[in-house]
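*Asks:* Supplied in structure tokens, the structure appears directly below.
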Amino acid sequence: MQEIIFGLISFLIAVLSFFLGAVKLFKGKKPLYLRLFVCAAGCFAIQQLSYIVNLWCDIPSAVSIGSFGIFGCNFFLLSANYGTLDKVVDDGKGSKTAKIIAVIAPVFMAVLAAVSFMFWKNKDILGAWLWLIILLPSLPASYFNLKHILLPMDPFEFLRATKLCNIAAIVFYIVTAVYVILSSLSNSVVSGISSVFMSLSVLWLTLCAVRGAEKWGI
């Protein structure tokens, strides 16, 4: 019963995150970059919906189809920074140090992914591999997040608008990896609490995107 309560709280927070972002950023000419964060929140809400349905129907599963909502969430966060924005804020001048230090992020996430695999492999080897795949997009995504945090300010000051978004994204990756690790322990309270924290990190991500829209220059 406790796990269902935590799951319901997590789901409601996730839904709030998505609708708040959609209402604030999907009207008017808001930047696509920030809208991608809302799409990420939407994918995560699907994961939380799947999570609460499985709990309610008492369906035991290491990884459900809905869990790939986290995979989609991470891919949206990656696509937000990779490509056009990265080329604008990183012109190759004065970015060498930031690029070197930013490697720390994917290395750290790789360690967390490996730990999650080790925790799951004796319990459910298929689940271990699936969770590893789900966490993989966070490796390159975290690199761009940290690099954009460390880069010198760009002429358009896009980095000022995206800084908190990048910090929140890194927090989400870490909290998610911790959730995966703790969920292998079969402790409903610990797993439920970590799920709530994961949803709260997505809510913070959405709030940062909304605030970023206020700072966006053009």
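*Asks:* What is the residue count in the range 13-39 for residues that are free of Cβ contacts under 8 Å to residues at least 24 places away in the same chain and among the small types (Gly, Ala, Ser)?
*Replies:* The total comes to 2.
*Asks:* Please determine whether any residue of the range 130-153 is under 30 Å from residue 186 (Cα atoms), among the β-branched types (Val, Ile, Thr) and either open to solvent by 40 Å² or more (accessible area, probe 1.4 Å) or at pLDDT 90 or above (or both).
*Replies:* Yes, because at least one residue in the range 130-153 is under 30 Å from residue 186 (Cα atoms), among the β-branched types (Val, Ile, Thr) and either open to solvent by 40 Å² or more (accessible area, probe 1.4 Å) or at pLDDT 90 or above (or both).
*Asks:* Quick one: which of 42, 83 is within 17 Å of residue 165 (Cα to Cα) and without any contact (Cβ under 8 Å) to a residue 12 or more places away in the chain?
*Replies:* The conditions single out 83.
*Asks:* Then there's this: Go through (1) open to solvent by less than 60 Å² (accessible area, probe 1.4 Å); (2) out of contact with any helix residue (DSSP H, G or I) (no Cβ under 7 Å at 6 or more places or on another chain); (3) under 30 Å from residue 155 (Cα atoms) for residue 106 and report which single condition fails.
*Replies:* So residue 106 meets the others, but not (2).
*Asks:* Residues of the range 167-210 being surrounded by fewer than 21 Cβ atoms within 10 Å (Cβ to Cβ), over 12 Å from residue 6 (Cβ atoms) and of a type in the set (S, T, N, Q), which ones?
*Replies:* Within the range 167-210, 186 is the sole residue that qualifies.
*Asks:* Can you say whether residue 95 is among the polar types (S, T, N, Q) and farther than 27 Å from residue 181 by Cα, as far as the supplied structure shows?
*Replies:* When the stated conditions are applied, residue 95 passes them.
*Asks:* If we scan the range 111-124, do we find a residue that is touching a helix residue (DSSP H, G or I) at 6+ places or on another chain (Cβ under 6 Å), closer than 24 Å to residue 36 by Cβ and open to solvent by less than 30 Å² (accessible area, probe 1.4 Å)?
*Replies:* Yes, the range 111-124 contains at least one residue that is touching a helix residue (DSSP H, G or I) at 6+ places or on another chain (Cβ under 6 Å), closer than 24 Å to residue 36 by Cβ and open to solvent by less than 30 Å² (accessible area, probe 1.4 Å).
*Asks:* Tell me which residues, restricted to the range 159-177, are polar (S, T, N, Q) and either under 17 Å from residue 114 (Cα atoms) or touching a Lys or Arg at 6+ places or on another chain (Cβ under 6 Å) (or both).
*Replies:* Correct list: 176 only.
The values are calculated or read from the model by the stated rules, or taken from the named source; none is laboratory data. Nothing here was measured: the structure is a model prediction, and the numbers come from that model. Please note: Cβ atoms are built from the backbone with ideal geometry, for glycine as well, and neighbour counts cover all protein chains shown. Accessible surface areas use protein heavy atoms only, side chains included; no ligands, DNA or RNA. Shrake-Rupley method; radii C 1.70, N 1.55, O 1.52, S 1.80 Å.
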